Amino acid sequence: MGRIEERLKKSIAMTAATTKKVVQKLSENPKSSKYVAAHRHCVICHTPIPIDSDPAHCGAQPCSDKHARQDKSRKRLNLMMYLFPAIAIMLFLLPLFTT
């Protein structure tokens with residue numbers, strides 16, 4: 001690697017480190033224009049919601065309905081992921097024990 005590339009790499013690293021420190025300092029100060037309060041986002045519509053909200057949706061009716069459907073679907077999928085392999089293993093082992 002040439003001298004120019006090394007100098008450029010070093011300069012980029014210094015700039016990134018300095019910028020990261022400044023942004024972190026600004027984002028922690030509530031009076032700063034860059035301040036963002038700690039929050040999370042609704043898993044359905046991605047609007048900001050409080051950190052302690054559980055489940056992670058905004059509470060609007062469409063979001064609540066969709067979250068309930070997704071949760072039900074997730075539970076059904078988990079059941080199938082454990083039940084179907086168990087049935088397949090039992091069908092494979094059943095002939096071994098009946099002979």
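No lab work stands behind these numbers, since they all come straight from the coordinates. If you're wondering where the values come from, they're calculated on a predicted model, not measured in any experiment. Cβ: placed from backbone, ideal geometry, glycine included. Neighbour counts: every protein chain shown.
Fewest neighbouring Cβ atoms within 10 Å first, the residues H57, H67, H39 line up as H39, H67, H57.
Within straight-line reach of K34, meaning a Cα separation under 29 Å, sit the following lysines at least 8 residues removed in sequence or on another chain: K9, K10, K20, K21, K25. When the chain is treated as a GNM with alpha-carbon contacts under 10 Å, the residue of P85, P50, P62 showing the greatest mean-square fluctuation is P85.
What's the longest uninterrupted piece of the chain once you rule out the trypsin sites (Lys or Arg not before Pro) that are loop residues per DSSP with at most 11 other Cβ within 10 Å?
Between the exposed loop sites, the longest stretch runs 35-99.
From largest to smallest, the equivalent ellipsoid semi-axes obtained for the chain from the alpha-carbon gyration tensor read 50, 30, 10 Å.
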